[in-house]
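The values are calculated or read from the model by the stated rules, or taken from the named source; none is laboratory data. In this text the structure is predicted, and so the values were computed from the model without any measurement. Virtual Cβ from ideal backbone geometry, glycine too; neighbours counted across all protein chains shown. What goes into the accessible areas is simple: the full protein's heavy atoms, side chains included, and nothing from ligands, DNA or RNA. Shrake-Rupley method; radii C 1.70, N 1.55, O 1.52, S 1.80 Å.
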Amino acid sequence: SYPCVLKDNYAAMRAMVEHFVLEHKLTRIHFVKGIEGNDDAEERYRAYVDVLTEHGIPVVPERVSNGDFYVTGATLAAKEILQSKEPLPEAIVCANDTMASTICEIFMQSGYRIPEDVLISGYDYTLEGQIHYPRLTTVRCRNRELGAEACRTILEILEGVEVPKEFLL
């Protein structure tokens, strides 16, 4: 019931998945989800499902892993992908940079070349993702603008200005 300033997780993840489908012509795209029930995680996953569906690419349950935004979930997801009977995915889209960098490390330790054998992407443009080698493809979140908009919203509320219930950046 309070005004919210949010990043548009859906649009950003949609652009990432569409990049793999349209620019790279990939069809075997694995998704590593965030915490189940978390709004950010659910929006990012919904974008993945929508893009695949719109482009006639089946959403295969074996190509979706439950992550948790942390190393633990990413480690389990990487093992699941590596042990799967499905062909190796062409790309692995992760709901955040921590999981992407973890999966990248595990795949490299298993003898895979990144990005030559599999493309791996994250989300959030964290410092961890920026300094990772090889470089991660990631969604850059505009956190300074998000904070500035939140401050503007608070000031407007204090001045008695009517503000929207939700602002998506």
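List of remarks:
- Calculated FRET value between LEU88 and ASP50, using beta carbons and R₀ = 25 Å, to 0.05: 0.55
- Bridging of LYS79 to lysines at a Cα separation below 24 Å is possible for LYS33, once same-chain residues fewer than 8 apart are set aside.
- Carbon/sulfur fraction of accessible area - the chain, other protein chains in place, 1.4 Å, %: 54 percent
- 10 Å binning of all Cα-Cα separations within the chain, expressed as whole percents from 0 upward: 10, 37, 31, 13, 6, 1, 0
- Counting only aspartates and glutamates at least 8 places from LYS165 when in the same chain, those with an alpha carbon closer than 20 Å to its own are ASP8, ASP39, ASP40, GLU43, GLU145, GLU149, GLU156.
- Stretched out straight at 0.36 nm per residue, the stretch from GLU159 to ASN66 would grow longer than its current Cα-Cα span by 29.1 nm.
- Shape of the stretch 94-133, Cα gyration tensor, a/c cut at 1.5: prolate
- At q = 0.12, 0.25 Å⁻¹ the log10 of I(q)/I(0) for the stretch 77-169 amounts to -0.51, -1.21, computed by Debye summation with a single uniform scatterer per C-alpha, solvent ignored.
- Accessible area in square angstrom per residue, the chain, 1.4 angstrom probe: 56 Å²
- Estimated 222 nm signal from helices in the chain, with DSSP H stretches of n ≥ 4 weighted -39500 (n - 2.57), rounded to 500: -13500 deg cm²/dmol
- Computed packing ranks the peptides 18-28, 64-74, 87-97 as 87-97, 64-74, 18-28, most packed first, by mean other Cβ atoms within 10 Å.
- Surface accessible to a 1.4 Å probe, ARG142 within the full protein complex, Å²: 120 Å²
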